[in-house]
Each structure stands twice: as structure tokens, then as C-alpha cells.
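All remarks here apply to the structure that follows.
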Amino acid sequence: MSWQRTLWILWMANFSTATGISMILPFLPLYLGELGVTDESEVLLWSGFIFSAQALTSIFFQPIWGSFADRYGHKLMLMRAGIFGSIITMLMGFAGGPWHLLLLRMANGAASGFIPMAVSMQAAVTPDQHTGKALGTLQTGVTAGMLIGPLIGGVMAGFFGFRTVFILTGFLSLVSTLIVGIYVKNNKPKQREAKETPAQGWSVMLPLLPIFAATMLTQLAMMSIQPIIPIYAASLTDGSHTELIAGLVISVAGIGTLIGSPILGRMGDAIGQRAVLIFSLIMCGMTFIPQALTSSIIVLLASRFCLGLFIGGMLPSLNTLIKKLAPQHMQSRAQGLNASSQFIGNLTGPIMGSVISASFGFRSIFFITMGLLFANAIIIWMNQKLKQQIKEHEAQQDPVI
């Protein structure tokens, strides 16, 4: 099977999975009302626990599933994540109380990993010279699903109720998984050298720590403003259409990512992913300056769009560098660790944004996040070992003339 055909099958599967995820997430606090939680403070408390539960368990389990993928192949782990995730999501529609929903979200985090495994599989089957383009295109499926999912979920919840949305979401994920099972072939896993101990294998991945840190900061940058964006957006308007404006401020970054991922992914194939990653980190940081200083909602929207645009350059570059630098027999474990880094950003970003904003004001979180992105760009730029490893890998891939 050609890598292009695999790409479009996985694109559709990722789109369906991301759509399903975003169909239910925005409405979890409202669903708690049907589960008997009516006090506003309790709703806020349970919402925080339930939102964080899946990310918390995912942090620990993603590298484990990646290790199994290196041993048995990606397809088996894709099927496992898709089937178990579908069943658990359907069961959420039958929850009898908030504890049931919390435990199911934790179980879903432990069993999930469809999208990171799809990225790992695509990276494994794509030639090096096309990896940035392929992973950038694959990312657009996730971004598009996350953008359209809340709209579909809101319409469905209005017509059929929240419980039906969970059941239909699980069914959608199951169909996507079966399509992958039918049309995508399992790749042959790379075998670890006989003389190499597991400890030696893991030590080879130490140079990837700056890459994992960049992944975490990417998500942290996206998520740090999430808790305050409705209030911040309202402070820049006359108070009318606040909900619509807040939704636009959040979604416009996703639109930027949708555009930036394939463009900057192809640029990474042409000039090198390390250069694109450093450039994207710096430009992402720069977008926080107008966000912090503006008194105009138009400037905020434009800045958020540019943030998403350059984040679209970071994501395929990060995944491509992992493919180049991780040992062949540890590719999925490396992608699993990268996924864990992403979940850490998802988990800590909103907390950091809320605490810093409450302590030092809304605008302070923009400057702090900007500083973290700049620091990571400097670390990657100054990391000569990382630069040398990329050169060695590319030299090995160049044909002898």
C-alpha cells in the first residue's frame, strides 16, 4: 500500500476521532446536570476533575502502548485504542452519576491513543523527504475535526439529548476503526538489536528531550489562555455577543493551524524541520505580544490566527524530528512519550493560565508563555548534539552519487 493511500485513510479516521472527541467535551459540564450535580460550585469542581482525568492517565499509558506497537506493529494498537475508546465513550451515555463519568474518563485515557498511533504509523510508512508534508496534512484532519465537532455536538444534543451524543460518538469512532482495520496493512515492527539492553535503547532517546519539551509548550501555549478567554475577550468589547466572540477567539487559532500545518510541513521537508521548528517557536512567541498589549478584539483575533498558523508549523516538525532521531525499533515509544508531553501541556496549561492570571492579571500569562517558547527555541538552536544527529541521519538517507 502506498504511503499516500495510508495518509488519506488515516486522515479520515483522525478527522472522525477528533470530531467525536470535540462533540462531547464542551458539553460535559451540562451533562453533569443530568447526573444530579446542580450546585454551581460542585459543577465547576467535578468539571475540572473530569476534564483532567483522561489527560492524567494518558500521560502514563501512551509510552506503554507505544512500546507494544514497536513490538507487534501499529495496526494492532490502533485497533485496540479505537475499539476500547468507542466502547468506553458509549458507556458514558449510560453513566448514573459523576463518579461513573470520572472513572470512565480515566479508563478512556488509559485505553486511548488512536491519534498519536496514527501519527506514528504514518511516519513509519512515509519516505523521509515527504514526512513533513504527510504529517502536516494528517494534522489538518485532527484540527478540522476539533473545529466542527462542537457544532455537530451542539445540534445533536439539542435534538437527541446528551446521552445519545455519547452513543453516536462511540459508534462513529468504531466505524473509523473498522475502516482502518480493513484498508490499512500492518507494518512489520523493527527488531531491537540482540546486544542492546532496554536501558541502552532508552538512553539513545535523551537528545529528544528538547523535542518533547517543545511539544509540551506547544499545547501549554494553546491551552493557557483557555480558562480566561471569555473574560478577556469580554473586556475588549462593549459586552455584547460575548459568547460568539469568545468562540471565535478560540476557533480562529484552529483555523490557522489548519492552514499552517501542510504549508510549513512542506517547508520543513525543503529546508529542514529543525529550522522550521525554531522559526515557529519564535513566531508563536511573538504573537503573544499583540495579544497582551491590544485593546482591540480585531487585533486579538488576528494574533490568535497567527498563533495557530505557526503552531501548525511546529506540530509536523516535531513529529518528523522524532522519526529521524529515535531508534527504528523505538519509534512508537518515542511518539508515545511525545503524546504524553502533549497531554502534560493539556493538563498544566489551563491550571497555569488560571493561577497566573488570578495572581498577576490577564496580560501576564501572555508574556510568561512567550518567554517559555523563546527559551525552548534557544535550547534547540544551541543543542549541537541534536543538530549533529539530524545531519548524520540526513547524510545516511542521501543517495550516493
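FYI, it's all coordinate maths here, none of it is from the lab. Values in this document were obtained by computation on a predicted structure and should not be read as measured data. Backbone-built Cβ (ideal geometry, glycine too); neighbour counts: all protein chains shown.
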Value of D in µm² per second that Stokes-Einstein yields for the stretch 297-401, Kirkwood Rh from Cα pairs, at 20 °C (1.002 mPa s): 129 µm²/s
Helix runs (DSSP H) in the chain reaching 15 Å along axis by Cα, Kyte-Doolittle at least 1.0: 74-92, 114-125, 131-160, 162-183, 209-223, 242-271, 273-293, 297-325, 364-382
Ala270 paired with Ile298, simple spin-label distance in nm, labels 7 Å along Cα-to-beta-carbon: 3.2 nm
Full-extension gain in nm, Val155 to Phe60, via 0.36 nm per residue minus C-alpha separation: 30.8 nm
Length added when fully stretched, Ile263-Asp128, from 0.36 nm per residue minus Cα-Cα: 46.9 nm
P(r) of the stretch 1-186 over all Cα-Cα pairs, binned every 5 Å from zero, in whole percent: 1, 9, 16, 19, 20, 14, 9, 6, 3, 1, 0, 0
Relative contact order of the chain, defined on C-alpha pairs under 8 angstrom at six or more residues apart (%): 26 percent
Label point distance in nm, Glu34-Trp3, each placed 7 Å from Cα along Cα→Cβ: 4.4 nm
Among Ile250, Ile59, Ile229, residue whose mean-square fluctuation peaks in a GNM of the chain (springs only between Cα atoms under 10 Å): Ile229
Cα pair distances in the stretch 46-122, grouped into 10 Å bins until the bin that holds the longest one, percent each: 21, 48, 25, 7
For Ser22, Ser295, order by how many other beta-carbon atoms lie within 10 Å, fewest first: Ser295, Ser22
Overall Cα dimensions of the stretch 205-394, principal axis frame, Å, largest first: 56, 31, 26
Listed residues Gly97, Gly136, Gly313, most fluctuating in the chain (Gaussian network, C-alpha, under 10 Å): Gly97
Given Lys323/Lys391; Lys75/Lys391; Lys185/Lys391, the pairs whose alpha carbons are separated by over 21 Å: Lys75/Lys391; Lys185/Lys391
Residue-count net charge about Ala134 - beta-carbon cut-off 14 Å; Lys, Arg +1, Asp, Glu -1: +3
Length gained when the stretch Ile231-Ile87 is fully extended (0.36 nm per residue, less Cα-Cα span): 48.2 nm
Label-point separation, Ser364 to Leu25 (7 Å along Cα→Cβ), nm: 2.7 nm
Top positive-direction residue, dipole computed over the chain with Cβ charges, set Gly272, Phe305, Asn14: Gly272
Radius ratio Rg over Rh of the chain, counting only Cα atoms, Kirkwood formula for Rh: 0.96
The stretch 1-186: relative contact order as a whole-number percent, Cα under 8 Å and 6+ apart: 45 percent
